[in-house]
Amino acid sequence: MILPFLELIRFSHTLFALPFALLAACMAFAELKPGSPVVQPFLGVLLCMVFARSAAMSFNRWADQAIDALNPRTALRHLPSGRLTSRSVLVFTGVCALGFVASCCLFLPTNPIPVLCSLPVLVFLCGYSYAKRFTIASHFWLGAALMLAPIAAWVAVSPTFSLAPILLGAAVLFWVAGFDIIYACQDYDFDVKMRLKSVPAKFGVAGSLRIAAGCHVLTLLLLFLLPTVYEKFGTIYYGGVTLIATLLIFEHFVVRPKRQGESIDLDRVNLAFFHLNAIISLGLLLIGVIDLMT
């Protein structure tokens with residue numbers, strides 16, 4: 001029974017934000033004195049990430065079911081096709097939300113911040129589902145939602161102020177906004193017809209690809225700046241970010257229309273959106289952890 005819900009929320013896509021949260025947790029842990037607890041905070045970060053994303057994603061599917069039913073690209077999703085009911089998806093959302101709050105309790109009694117922030121965070125995450133109805137900044141709202149992952153993970157492990165998770169979080173914001181704009185180019189015609197707010201609907205496909213490229217330039221600048229406020233990163237980290245820059249350039253080469261005015265091919269968007277971005281997030285985690293261990 002759980003498989004349809006995992007398909008609904010595309011559970012495998014947790015890989016996009018989770019590596020950044022784990023990297024921030026590792027960075028924060030490296031700042032703590034030796035002998036600090038390891039298992040409980042990392043388990044808390046892992047569970048919080050899984051439950052928060054699952055709650056937000058299932059709520060998004062519930063909120064968008066009427067729109068999805070009208071869009072040929074999304075009409076076969078679980079709710080429009082009737083494979084799942086609205087009630088069951090809402091129940092699943094509630095269970096995941098409770099799981100998130102319960103997971104925040106793993107940081108008690110030493111760190112009450114995750115529990116105190118759990119409900120506002122859930123409201124912000126779920127609020128994204130309605131953003132496309134009133135603002136073209138919905139892509140950046142999604143980026144800000146995922147930006148919370150490294151910042152929250154740092155605070156959960158080490159409730160101290162640092163610019164490092166903020167810089168990493170800002171890089172995530174523009175990275176996510178950039179590839180979400182690319183992904184939204186698939187629905188350019190539909191968004192215009194339905195008068196939905198999106199960057200492609202406002203600026204067209206060509207203009208949107210330029211905006212996405214600008215977002216990813218900012219992502220790289222922020223990643224390259226991170227060692228200036230987090231001195232434990234060095235040569236290995238810089239080498240990894242250089243490789244990420246290469247992947248982002250390739251991503252934009254992949255999605256670029258072959259001819260002027262041509263729409264983006266769906267298969268090429270899926271390659272850029274799912275495969276390359278998963279490699280980027282997992283790769284940065286791996287490189288960051290290696291640098292911290294050397």
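Table for the structure above
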{"quantity": "Inter-part distance where segment 210-239 and segment 76-136 are each reduced to a Cα centre, Å", "calculated": "30"}
{"quantity": "Viscosity 0.692 mPa s, temperature 37 °C, Stokes-Einstein D of segment 14-158 from Kirkwood C-alpha radius, µm²/s", "calculated": "203"}
{"quantity": "Computed over segment 122-237: relative contact order in percent, which uses C-alpha pairs under 8 Å that are six or more apart", "calculated": "29"}
{"quantity": "Kirkwood Rh, angstrom, the chain [1 / mean 1/r, Cα pairs]", "calculated": "19.8"}
{"quantity": "4 °C / 1.567 mPa s Stokes-Einstein diffusion coefficient of segment 1-86, Kirkwood radius on C-alpha pairs, µm²/s", "calculated": "87"}
{"quantity": "Relative counts (whole %) of C-alpha pair distances in segment 180-262, using bins that are 5 Å wide", "calculated": "3, 14, 20, 17, 14, 11, 9, 7, 4, 1, 0"}
{"quantity": "Nonlocal amide H pairs with residue 84, under 5 Å, H built at 1.01 Å", "calculated": "79"}
{"quantity": "Over segment 125-165: Rg over Rh, Cα atoms, Kirkwood Rh", "calculated": "1.13"}
{"quantity": "Share of pairwise Cα separations in segment 95-146, more than 14 Å, in percent", "calculated": "57"}
{"quantity": "Farthest toward positive dipole pole in the chain [+1 Lys/Arg, -1 Asp/Glu at C-beta], among 59, 248, 112", "calculated": "59"}
{"quantity": "Helical contribution to [θ] at 222 nm, DSSP H n ≥ 4, -39,500 (n - 2.57), averaged over the chain, rounded to 500", "calculated": "-23000 deg cm²/dmol"}
{"quantity": "GNM result for the chain, Cα springs below 10 Å: residue of 77, 53, 87 fluctuating most strongly", "calculated": "87"}
{"quantity": "Whole-Hz couplings from phi, Karplus 6.51/-1.76/1.60, listed for segment 184-194; x for Gly and Pro", "calculated": "5, 4, 4, 9, 3, 4, 5, 4, 5, 4, 8"}
{"quantity": "Peptides 125-131, 201-207 ordered by average Cβ neighbours within 10 Å, highest first", "calculated": "125-131, 201-207"}
{"quantity": "Hydrodynamic radius by Kirkwood, which averages 1/r over all alpha carbon pairs of segment 157-206, in angstrom", "calculated": "12.8"}
{"quantity": "Taking the chain and dividing mean pair separation by its residue count, relative contact order in percent (alpha carbons under 8 Å, at least six apart)", "calculated": "21"}
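Read-outs throughout are calculated quantities, based only on the coordinates presented, and are distinct from any laboratory measurement. Here the structure is a predicted model, which means the values were calculated and not measured. Don't worry about glycine lacking a Cβ; one is built from the backbone with ideal geometry, like all the others, and counts go over all protein chains shown.
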